[in-house]
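Asks: A single structure is presented below for examination.
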């Protein structure tokens, strides 16, 4: 009797494997690529201004003890339009937001800010996505919470929705 | 409508759906996105590395295969760094430091990948043991 039980064992293992595969195939795919830079200091960068009237951005702007948001965006990015009101709301709560415009032209940036408002105190231009790579960011928009010592504390991937505003405020408070 | 036509229409619809993800960008490609390095040996090294780096916005292509602007910028970065004398594996390590193992198509042994290497060895060992027992029984 024990012998026939052992005969079925390989089939049972195979069925378990099939079941596991079928289960994993049903799981929603997670396409987000989290940055491995959390907890590490910002990489060195100094970007020219992305638009007339705003200063450029550098990692040295983040070393004065005040936590800030670092927003990676672009005027050609559609979700960034959806995010604009939430950035404005964060700015109205007293949050300082430094922007980095990826592969953008000054006139396009100016048009975007005129149309959707300007939540930024500084705006650097990253024409070759170099700072984006250095940050471990894989798309637009993405937002990093950076503490007053210039250390990256949190990454928000995708556009900021209304519900994310209190979460980001809490993260900024934690980073204080 | 013929079946072939319908397939073409579906393909066109699928392509137009994908378009907003890589929305219009007005900046020209990075200088070394599509231009090869003048030194053939360096270009070969760069190309070999680019074929094993994952495009972050298209995910199932290497940066050598992708026309996404971000992949172009990454090719530019790879080529300029190799032209500056940097070792290809150092560039890979720099990217893994930022994006995790995900960015590289050549797996290395780590906390999550060791079963890939240990699994076959364990299976081979079990098979060898079973085989020896069989042989011993027959003898």
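Asks: For the protein assembly as shown, what is the mean residue ellipticity at 222 nm derived from helices alone (per DSSP H run of n ≥ 4: -39500 (n - 2.57); sum divided by total residues; nearest 500 deg cm²/dmol)?
Replies: It lands at -15000 deg cm²/dmol.
Asks: Using the Kirkwood radius over Cα pairs, work out the Stokes-Einstein diffusion coefficient for the range B:94-139 at 37 °C and 0.692 mPa s, in µm²/s as a whole number. Don't jump to the answer; show the numbers that get you there.
Replies: Values: Rh = 13.3 Å.
After rounding, the answer is 247 µm²/s.
Asks: For the range A:67-139 and the range A:27-62, what is the separation of their Cα centres, given in Å?
Replies: For the range A:67-139 versus the range A:27-62, the Cα centre distance is 10 Å.
Asks: At a Förster radius of 22 Å, what calculated FRET efficiency corresponds to the Cβ-Cβ distance of residue A:9 and residue B:126, to the nearest 0.05?
Replies: The computed FRET efficiency comes out at 0.95.
Asks: Want the number for residue A:170 to residue A:60: 0.36 nm per residue separation, take away the alpha-carbon distance, what's left?
Replies: Once the chain is fully extended between residue A:170 and residue A:60, it gains 37.2 nm.
Asks: Another question, then. Equivalent ellipsoid semi-axes for the range A:1-61, as square roots of 5 times the alpha carbon gyration tensor eigenvalues: give them largest first, rounded to whole Å. Don't jump to the answer; show the numbers that get you there.
Replies: On the way: eigenvalues 709, 41, 7 Å².
After scaling each eigenvalue by five and taking roots: 60, 14, 6 Å.
Asks: What does the convex hull of the Cα atoms come to per residue for the range B:28-108, in Å³?
Replies: Hull volume normalised by residue count: 84 Å³.
Asks: For chain A, take the longest principal axis of its alpha carbons; what is the angle in degrees between that and the long axis of helix A:106-116, to the nearest 10 within 0 to 90?
Replies: Value to nearest ten degrees: 80.
Asks: What do you get for Rg/Rh of the range A:46-174 when both radii come from the Cα atoms and Rh is the Kirkwood radius? Mind showing how you got there, number by number?
Replies: Working: Rg = 13.1 Å, Rh = 14.3 Å.
Rg divided by Rh gives 0.92.
Asks: Just the projected area, averaged over all directions, of the convex hull on the alpha carbon atoms of the protein assembly as shown: how many nm²?
Replies: Details: hull surface 108.2 nm².
Quarter of the Cα hull surface area: 27.1 nm².
Bear in mind these aren't lab numbers, they're just calculated from the coordinates by the rules spelled out. Because the structure is predicted, anything quoted here is derived from the model rather than measured. Positions of Cβ are backbone-derived with ideal geometry, glycine not excepted, and every protein chain shown enters the neighbour counts.
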